[in-house]
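For reference, the structure discussed in these notes is given below.
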Amino acid sequence: MKPAPFDYVAPSTVEAAIEALVAANGEGKILAGGQSLVPLLNFRMVRPAVLIDINRIEGLSFIELRGDKIAIGALTRHRALERSQLIAEKLPVMKAAMRHVAHVAIRNRGTIGGSLSHADPAAELPMLALFYGATIVAQGASGRRHIAAEDFFVDALTTCLAPEEIVVEIEFPLLAHDGWGFEEMSRRFGDFALACIAVAIRRGGDVLDDLRVAAMGVGDTPLRLRMVEDQLRGAAIDGSMPERLAQLVSASVSPNSDVHASADYRRHLAGVLAKRALTTALAAKA
Amino acid sequence: MATIRVTVNGERYEEVAVEPRLLLSDFLRDTLGLTGTHVGCEHGVCGACTVLLDGDSIRSCLTLAVQADGCEIVTVEGLGTPDALNGLQTAFREHHGLQCGFCTPGMLMTGEDLLRTYPLASDEEIREGLSGNLCRCTGYQNIVAAVRSAAAQRREKAAS
Ligand SMILES: Cc1cc2nc3c(=O)[nH]c(=O)nc-3n(C[C@H](O)[C@H](O)[C@H](O)COP(=O)(O)OP(=O)(O)OC[C@H]3O[C@@H](n4cnc5c(N)ncnc54)[C@H](O)[C@@H]3O)c2cc1C
Ligand code: FES
Ligand code: FES
């Protein structure tokens, strides 16, 4: 339960960190909050030759309103997102989600860039990136590129980042919604979710003009359920809508079974959570 | 080897040599001999190793000692002394918030962060705040009661 030996560098610029990654030739790992990486080091499930600690790089931790987007620096801690007034106002679904991300002491260290790069299929921030249609800005030796969240998550614990690329910031567009809901179920509060659903709606009178549905814990990556959205967009709003959403969501996910819950249970749970989330969203005044 | 400089419980340690892979928990226990910080799981789940780093509660098993260079750390030894327990420690004793004591250092350090962040901690905030700390003995009720009473005391003190 102790890490194998490694070299350690703590560069002060993103450029120097990328150089160190390139020099490590595939044997280097970025260390951000360490809340996912250090357990893996302790178990010796990963054995990098070099750890490149980005915590000493200035200017990677910020939450900024830029026009119709919120830009968040990769090194921004979960706790800062949880407690930010700007996030509470502009990204209320993220605000609601943050208290479900692990526990206080882990949120004090864990970062948004680390969570997205780690890409746990049951993590909140990757799902929120999909839900909001976020853009992930990655920097490599040849400069920056912008990656849509829907292209970023490739598989469980796998992203499309190149080995020498670093996530530097994430842009979250503000949603024009008039109701939203966030529902998560885990075995113990703060554990990784068994299933989780986020819903946002926009109403035009009695018609559902638009909706967004994202899920996690029920697949190898977080999911934006676009087919479900298409089925309900434009539908007349009535009391049966949450139940319809529940059925559509359950039918559209194919979860895995593990020690925490069976696939059937997770599929059922995703539907129940979707129903609750939409009920909450519809209860908000349009 | 790297060298670090840290302040632990108000005491300065200059130019201490550490291997990069040394966990902060092992640095505190083995290098500095501060064995009040307990080690349970070494993967972030149990909370026994929680300390304050620059004022924030963190898992010392998920932080490298080299990362603490230039930082200020408070461990359970920094809260009070056996003859003069601090308010939260006293509340744990009065409310039977511990039995074997293994989880207690982590509970106290987490509680300190909670009280500082939520001076008016509600029961829900206390339970949520302690959710990352496992106790195999007490059943948690008395721990929540202890933190609740320490919160009330701080509130009274602030009002007077
Ligand atoms: C007990 C426990 C419970 C948890 N529960 C939850 C939970 O319920 N929900 C949840 O979402 N998370 C949970 N986590 C994980 C936590 O949120 C982590 O903080 C997060 O997943 C990783 O962020 P980090 O900054 O700690 O990354 P690190 O651990 O430092 O790094 C993780 C990975 O990402 C890479 N990386 C980090 N930053 C960058 C970057 N900027 N660019 C490129 N690559 C990078 C690293 O090389 C590494 O491979 C839990 C963790 C623990 C220990
Ligand atoms: S020993 Fe650090 S959390 Fe269990
Ligand atoms: S008092 Fe024994 S583990 Fe909590």
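Please treat every number below as a calculation from the coordinates, not as lab data. The structure displayed is predicted, hence computed values, not measured ones. FYI the Cβ positions are ideal-geometry reconstructions off the backbone, even for glycines, and counts take in every protein chain you see.
Quick look at the numbers
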item	result
Long-range amide H partners of B:LEU23 with built H, under 5 Å	B:ALA65
222 nm mean residue ellipticity, helices alone, for chain B (DSSP H n ≥ 4; -39,500 (n - 2.57); rounded to 500)	-9500 deg cm²/dmol
The stretch A:40-90: GluC sites (Glu not before Pro) in DSSP coil with no more than 10 other Cβ atoms inside 10 Å	A:GLU58
Cα gyration tensor of the stretch B:87-159 - equivalent ellipsoid semi-axes, whole Å, descending	19, 13, 10
D (Stokes-Einstein, µm²/s), Kirkwood Cα radius, the stretch A:166-286, 1.002 mPa s at 20 °C	145 µm²/s
Net +/- balance of residues flanking A:MET98 in space, Cβ distance below 9 Å, scoring K and R +1, D and E -1	+3
Distance histogram for the stretch A:92-236 (every C-alpha pair counted, 5 angstrom bins, percent rounded to whole numbers)	2, 10, 18, 21, 19, 14, 9, 5, 2, 0, 0
Theoretical gain in end-to-end length, A:LEU65 to A:ALA141 [0.36 nm per residue, Cα-Cα removed]	24.6 nm
Tail fraction, Cα-Cα pairs, the protein assembly as shown, threshold 29 Å, whole percent	50 percent
Bins of 5 Å from zero: percent of alpha-carbon pairs in the stretch B:2-78	3, 18, 32, 29, 14, 3, 0
Candidates per trypsin sites (Lys or Arg not before Pro) in the stretch A:216-270, loop by DSSP, up to 16 other Cβ within 10 Å	A:ARG233
Alpha-carbon gyration tensor eigenvalues x 5, square-rooted, for chain B, Å	28, 17, 13
Cα-based reach from A:LYS2 at 26 Å (exclusive), listing lysines while leaving out same-chain residues under 8 positions away	A:LYS29
For the stretch A:7-53, convex hull of alpha carbons as volume per residue, Å³	63 Å³
A:ASP220-B:TYR13 pseudo-label distance in nm [points 7 Å out on the Cα-to-Cβ vector]	4.5 nm
Binned Cα-Cα distance frequencies in the stretch A:63-173 - 5 Å width, integer %	2, 13, 24, 28, 19, 11, 3, 0
Those residues of the stretch B:90-107 whose amide nitrogen sits under 16 Å from the label point placed on B:GLU156, 7 Å along Cα→Cβ	B:90-95
Spherically averaged projected area in nm², based on the convex hull that wraps the Cα atoms of the stretch B:117-160	3.1 nm²
Radius of gyration and Dmax over the Cα atoms of the stretch A:231-286, both given in Å	12.9, 41
Eligible aspartates and glutamates near A:LYS275 by straight Cα distance, threshold 15 Å, same-chain separation 8 or greater	A:GLU183, A:GLU184, A:GLU229, A:ASP238, A:GLU243
Qualifying GluC sites (Glu not before Pro) for the stretch A:1-43 [loop in DSSP, other Cβ within 10 Å: at most 14]	A:GLU27
